[in-house]
Amino acid sequence: MITVFLPYSGSQHSMSTVNELLKCKLVSKVYLLANDENSKAPKNCEILCVSSLTSSDTVDLIREKTQTKYICLFTQDNHYQLGQFAIERFYNVANSTGAGLVYSNYLIMKEDSVSRHPVNDYQLGSLRDDFDFGYLLFLNKEICTTLNNENKYKYAGIFNLRLHISREAEIIRIPEYLYTTIETDTRKSGAKQFDYVNPKNREVQIEMEIAATNHLKNIGAYLKPDFKEIVIEKGDFEYEASVIIPVKNRANTISDAINSVLSQKTDFKFNLIVVDNYSTDGTTEKINEIAEKDSRLIQIIPERKDLGIGGCWNEALHHKLCGRFAIQLDSDDIYAGDNTVQTVVDTFRKEKCAMVIGTYRMTNFKLEEIPPGIIDHKEWTPENGRNNALRINGLGAPRAFYTPLLREYKIPNVSYGEDYAIGLMISRDYQIGRIYDPIYMCRRWEGNSDAALDIEKQNTYNEYKDRIRTIEVLARQRKNRNANGVL
């Protein structure tokens, strides 16, 4: 009932996996995917020469060679140890539910220890091309066959197939640890999160964007480049701009952040609103000390004690002295120069947009550039940026907003992904302006909230972003139906 496809580079560990697979009576055939046409086929296997494991050509070859009801596709040339009746479990779930794709939690071998690696449930908004399915995909051959591979992808073939399956059938996670493997990417989470803006990956990302955009068109969530325009002069504001810093227990960094704002040079009146969320480490005292010397610094200690970063932003936005434009600065970062605020406001004035996102440079505390360097999000285009925003995991920094709109929308009261959530919401109707020169220094240190997350925290954060994408996809589908007169 099952045809297996396993990446193969001649390693001995592949043979132990093959032998394990062939012991299962459900397995009909094992194909080894190799990029060396001179590879010799081990006993009871057949070599398939492929140039890329992720291409449309490989997807087509897999479909062509499969004569069984199901496909078991391993996505990396790793050492695998299958759990008790693991293949039978995949088969039973797929066969009893009619799912198009089944995947599971797995175990990771590190030196002499084994640790659990749970993965998230797939949902409508799980549009990231790096969604973690683990290393074993159990596919329904019939549903795979219905994919019309009009676009030939070198990198996005598997991604495109997965999106197709999600339109045709259920994608189901088995909440069990069905196999053990080794971890191939051992970098900390803070390093991995910027892979999609790495210039070396640009060709890959272009393909992923095309596949994701086509998917949005197929599900009625694609938005054409038609935007509402902001009337910038609307409203009576004492200050043209406010920089907003939510902070809790950043005594070592808050003074640098505040001083980088107060040193800004502008042709308009601006202030700084620091929302101190009940710091206990001396942060409050440092803010007070500077506020006594400069009246532009407004310190807010909220009445509520249940606020995340988004909630702190709402406190600042609804303050009577908040400016026409609200500009972000994290409490452990600084602006790159004394013209950042001016540059942001000039962009608002020129482009009549509802949100502006800049470019930042990753540095250490000596302000020395560290990998990946400049994060400019040049994958953004005015025509398709808001569609591609549903595929990527962030929009960039610093972020700035037209205050009247945010007072209407409200920012989610969470401490991760709140900026992404409001950015998606804004982009549904309005254009987002971009600044591609570095105007912000993102200082990495061990205390950064996303520098090195454990798997449970990574899953929690990714599940939240998938959920807000699900909400946004549903909202865009409804927007398009209403535009077409379908309620």
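The values are calculated or read from the model by the stated rules, or taken from the named source; none is laboratory data. All values derive from a computational prediction rather than experimental measurement. Ideal geometry is used to build each Cβ from the backbone, glycine not excepted, and the neighbour counts take in all protein chains shown. Note: accessible area is taken over every heavy atom of the protein model, side chains too, but ligands, DNA and RNA are not part of it. Shrake-Rupley method; radii C 1.70, N 1.55, O 1.52, S 1.80 Å.
Residue count for region 150-159 under the criterion of being open to solvent by 20 Å² or more (accessible area, probe 1.4 Å) and over 16 Å from VAL102 (Cβ atoms): the result is 5. Every condition in (1) under 17 Å from the mean Cα position of the chain (by Cα); (2) among the charged types (D, E, K, R); (3) surrounded by fewer than 22 Cβ atoms within 10 Å (Cβ to Cβ) is met by LYS410 except one, and the failing one is (1).
If you filter region 66-91 down to residues that are polar (S, T, N, Q) and either open to solvent by 70 Å² or more (accessible area, probe 1.4 Å) or within 32 Å of the chain's Cα centre (by Cα) (or both), you find that the one that is farthest from ILE210 (Cα to Cα) is GLN84. Selection of region 413-452 for residues being open to solvent by 30 Å² or more (accessible area, probe 1.4 Å), polar (S, T, N, Q) and modelled with pLDDT of 95 or more yields ASN413, SER415, GLN431.
Within region 58-84, work out how many residues are outside any loop (DSSP other than H, G, I, E, B) and without any contact (Cβ under 8 Å) to a residue 24 or more places away in the chain. Here the count works out to 2.
The one condition from (1) of a type in the set (Lys, Arg); (2) in contact with an Asp or Glu (Cβ under 8 Å, 6 or more places away or on another chain); (3) crowded, with 19+ Cβ neighbours inside 10 Å that ARG476 does not meet is (2). Within region 9-25, residues that are farther than 26 Å from SER52 by Cβ reach partners that are open to solvent by 60 Å² or more (accessible area, probe 1.4 Å) with beta carbons closer than 7 Å, at six or more positions or on different chains, in the pairs LEU22/ASN44.
Residue check: ARG349 meets all listed conditions (1) touching a strand residue (DSSP E or B) at 6+ places or on another chain (Cβ under 7 Å); (2) farther than 22 Å from LYS248 by Cα; (3) open to solvent by 30 Å² or more (accessible area, probe 1.4 Å) but one, namely (1).
Taking region 402-487 as the region of interest, the helices (runs of 4 or more DSSP H) fully inside it that hold 2 or more residues being within 29 Å of ASP226 (Cβ to Cβ) and small (Gly, Ala, Ser) are 418-427, 455-483.
Here ALA156, ALA94 are screened, and the one residue that is among the small types (Gly, Ala, Ser), farther than 14 Å from MET208 by Cα and modelled with pLDDT of 95 or more is ALA94.
Can you tell me which residues in region 223-281 are buried (at least 18 other Cβ atoms within 10 Å of the Cβ) and of a type in the set (Lys, Arg)? Within region 223-281, LYS248, ARG250 qualify. Restricting attention to region 10-57, the residues that are open to solvent by 20 Å² or more (accessible area, probe 1.4 Å), at pLDDT 90 or above, part of a helix (DSSP H, G or I) and within 24 Å of GLN84 (Cβ to Cβ) add up to 3.
Whether any residue in region 459-467 is over 24 Å from THR253 (Cα atoms), surrounded by fewer than 16 Cβ atoms within 10 Å (Cβ to Cβ) and among the polar types (S, T, N, Q) is what I want to check. Within region 459-467, one or more residues are over 24 Å from THR253 (Cα atoms), surrounded by fewer than 16 Cβ atoms within 10 Å (Cβ to Cβ) and among the polar types (S, T, N, Q). Here the condition is being touching a helix residue (DSSP H, G or I) at 6+ places or on another chain (Cβ under 7 Å) and either assigned to a loop (DSSP other than H, G, I, E, B) or of a type in the set (A, V, I, L, M, F, W, C) (or both); of VAL231, VAL243, it holds for VAL243 alone.
If the condition is being under 19 Å from ASP419 (Cα atoms) and among the hydrophobic types (A, V, I, L, M, F, W, C), then region 454-473 contributes ILE468, ILE471, VAL473.
Of everything in region 116-142 that is acidic (Asp, Glu) and surrounded by 17 or more Cβ atoms within 10 Å (Cβ to Cβ), the residue that is nearest to LEU73 (Cα to Cα) is ASP132.
If the requirement is being more than 34 Å from the chain's Cα centre (by Cα), open to solvent by 30 Å² or more (accessible area, probe 1.4 Å) and modelled with pLDDT of 95 or more, which of these qualifies: GLU303, GLU292?
Working: GLU303 fails: more than 34 Å from the chain's Cα centre (by Cα).
After applying the criteria, what remains is GLU292.
Only one of the numbered conditions (1) in contact with a helix residue (DSSP H, G or I) (Cβ under 8 Å, 6 or more places away or on another chain); (2) over 29 Å from MET208 (Cβ atoms); (3) open to solvent by less than 50 Å² (accessible area, probe 1.4 Å) is not met by ARG63, and that is (2).
Residues in region 365-386: is at least one touching a residue at least 24 places away in the same chain (Cβ under 8 Å), open to solvent by 20 Å² or more (accessible area, probe 1.4 Å), more than 24 Å from GLN123 (Cα to Cα) and touching a helix residue (DSSP H, G or I) at 6+ places or on another chain (Cβ under 6 Å)? No, that holds for no residue.
Is it the case that region 101-115 has a residue that's closer than 27 Å to ALA212 by Cβ, open to solvent by less than 20 Å² (accessible area, probe 1.4 Å) and either among the aliphatic types (A, V, I, L, M) or assigned to a loop (DSSP other than H, G, I, E, B) (or both)? Talk me through it step by step, then tell me what you get.
We begin by selecting, within region 101-115, every residue closer than 27 Å to ALA212 by Cβ; these are 101-106.
Remaining after also requiring open to solvent by less than 20 Å² (accessible area, probe 1.4 Å): 101-106.
Those still in the list that are either among the aliphatic types (A, V, I, L, M) or assigned to a loop (DSSP other than H, G, I, E, B) (or both) too: 101-102.
Yes: region 101-115 contains one or more residues that are closer than 27 Å to ALA212 by Cβ, open to solvent by less than 20 Å² (accessible area, probe 1.4 Å) and either among the aliphatic types (A, V, I, L, M) or assigned to a loop (DSSP other than H, G, I, E, B) (or both).
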